[in-house]
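Structure first, then comments.
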Ligand code: FES
């Protein structure tokens, strides 16, 4: 039933950061995985496993490569350098301090890859142009900084090296005033306008900051989520126990029946509309259906198609027009018109305001789903500690996670502890729970630590997006350009579950006029359920 049996791994010799390291690894295993899971070098991050994000960039014989695209066997005998390797005083170390001084490491998940790419560049070209730097770092994506600070940091190191200043780099990059850098950026005498030392900055540039995938007990089981291939379908489960018993290393297959407390979560107390695992009906493609728990090989090698799930696809509601159409399938019984929430703001007499205007403009604006694409996919682990469950995961909202985990397990909140790892980008997308309830259920039931790392594909399939919108707007102004009236009608596609949909529906009417004082306003919005990915918080709400 497994796609492939677990092959005995040979022992390979790698030269990592100047040391000979013997590691048991299949030659086809990605070097990034061998560095992290085989050698414990968690400074090399993994964002996509496809060579797109560059978070796993290391040096191989001095040249930057995506470690996820290098087979471990290919790296045998080569010199591999990771962010953990270079000691004080060298080029990478000078880049580390420049990244700190320029605020170039924000969430920090891209930073190790950026540092290695910059090391490669400056070791070949000690007087790069802006274009050279852009080109040299072009294989590493950053979702936080906008790149400017990173480029400034690399150019600063190049210029200092070129002029011989590198020898004057201080041991401690933070001066007595708590200001980063050996000297202030300019002549200011007080803290206003100067960069302050970032408390967690050093860990972000030396590879020791621990993100969701970077830490787990050695005996942790692995979890993999089986997701719906259909946007709307019912399903019936066959004999899962027979599958579990037949697969060596497979410890459990969790279904909705295994959730000990409330099988639902959501941002709002009255809107817990998303199941941890659904009881027979899915509402979007990518929704969690089952959770496999066992050895890493067992959960990764068991193909979804080998599981006894009998699907009955149904016509999906795609787009708000389909959701609002007469006779449209209903997503949730409590919202028979598929409208999750309405928002409005009314002030004055908008018709009179338009009539008083010298000019009127109208427009219709549409936006699409937007993916956060934080570089760190969702990850973490859970374990029982005494009568308590502890969940370590990347999150933006540990106290909200605590409430959700307590509900899902049916335990008191003081039996739950959430330990936030470093968060490799969130932008609102990690305000919703992701891995936390599933990890908690598995560890609670099995009394064993359980870890999970979402793949990039899985992260994109299951995480919340920006709400697609369609907004009709009309504004009038007098002859002096002062707004006399403004109105909008906005429909927001909130996807299959509520998430932050009510917040978007209620904030947009308020934010619709921007910073302007307008005497006559009539703004109204709707958040509408569809069989599409849940939409949630995304940088500026709505
Ligand atoms: Fe680059 Fe966050 S600092 S992705």
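The values are calculated or read from the model by the stated rules, or taken from the named source; none is laboratory data. Note that this is a predicted model, so its numbers are computed, not measured. Because the Cβ atoms are built from the backbone with ideal geometry, glycine has one as well, and the counts that use them run over all protein chains shown.
Side notes on the structure shown:
- Whichever residue in the range 433-463 is in a loop (DSSP other than H, G, I, E, B) and within 18 Å of residue 277 (Cα to Cα) and, among such residues, is farthest from the ligand (Cβ to nearest atom): 433
- Subset of the range 225-253 (residues that are outside any helix (DSSP H, G or I), more than 26 Å from the chain's Cα centre (by Cα) and farther than 26 Å from residue 330 by Cα): 238, 239, 247, 248, 249, 250, 251, 252
- Residues of the range 257-271 that are touching a residue at least 24 places away in the same chain (Cβ under 8 Å) and surrounded by fewer than 17 Cβ atoms within 10 Å (Cβ to Cβ): 260, 262, 268.
- For residue 22: the one exception among (1) over 21 Å from residue 457 (Cα atoms); (2) surrounded by fewer than 23 Cβ atoms within 10 Å (Cβ to Cβ); (3) within 16 Å of the ligand (Cβ to nearest atom): (3)
- Flag not set for residue 101, criterion: at pLDDT 95 or above and either buried (at least 24 other Cβ atoms within 10 Å of the Cβ) or under 25 Å from residue 195 (Cβ atoms) (or both).
- Qualifying positions in the range 118-152 - within 12 Å of the ligand (Cβ to nearest atom) and either closer than 15 Å to residue 92 by Cα or surrounded by 24 or more Cβ atoms within 10 Å (Cβ to Cβ) (or both): 137, 140, 142, 150
- Complete set of residues in the range 337-346 that are in a loop (DSSP other than H, G, I, E, B) and surrounded by 13 or more Cβ atoms within 10 Å (Cβ to Cβ): 338
- The range 334-346 - residue that is over 23 Å from residue 433 (Cβ atoms) and under 34 Å from the mean Cα position of the chain (by Cα) and, of those, farthest from the ligand (Cβ to nearest atom): 336
- Selected residue (criterion: nearest to residue 124 (Cα to Cα)) from residues of the range 85-113 that are assigned to a helix (DSSP H, G or I) and more than 16 Å from the ligand (Cβ to nearest atom): 91
- Scanning the range 472-506 for residues that are crowded, with 24+ Cβ neighbours inside 10 Å and out of contact with any helix residue (DSSP H, G or I) (no Cβ under 6 Å at 6 or more places or on another chain) gives 486, 495, 496, 497, 498, 499, 500, 501, 504, 505.
- Taken as a whole, the condition of being out of contact with any helix residue (DSSP H, G or I) (no Cβ under 8 Å at 6 or more places or on another chain) and under 17 Å from residue 360 (Cα atoms) does not apply to residue 532.
- Elements of the type strands (runs of 3 or more DSSP E) sitting completely within the range 347-432 and holding at least 3 residues that are away from the ligand (no atom under 16 Å from the Cβ) and either free of Cβ contacts under 8 Å to residues at least 40 places away in the same chain or surrounded by fewer than 20 Cβ atoms within 10 Å (Cβ to Cβ) (or both): these cover 359-367, 416-420.
- In the set (1) away from the ligand (no atom under 16 Å from the Cβ); (2) part of a loop (DSSP other than H, G, I, E, B); (3) under 25 Å from residue 296 (Cβ atoms), the condition left unmet by residue 480 is number (3).
- Of 337, 349, all but one fail to be at pLDDT 95 or above and closer than 22 Å to residue 528 by Cβ; the exception is 337.
- Cβ-Cβ under 8 Å pairs, at least 6 apart or on other chains, the range 103-127 side in contact (Cβ under 8 Å) with a residue 60 or more places away in the chain and farther than 22 Å from residue 144 by Cα, far side more than 10 Å from the ligand (Cβ to nearest atom) and in a loop (DSSP other than H, G, I, E, B): 120/62; 123/62
- Of the residues making up the range 197-219, not a single one is modelled with pLDDT of 95 or more, in a helix (DSSP H, G or I) and under 20 Å from residue 441 (Cβ atoms).
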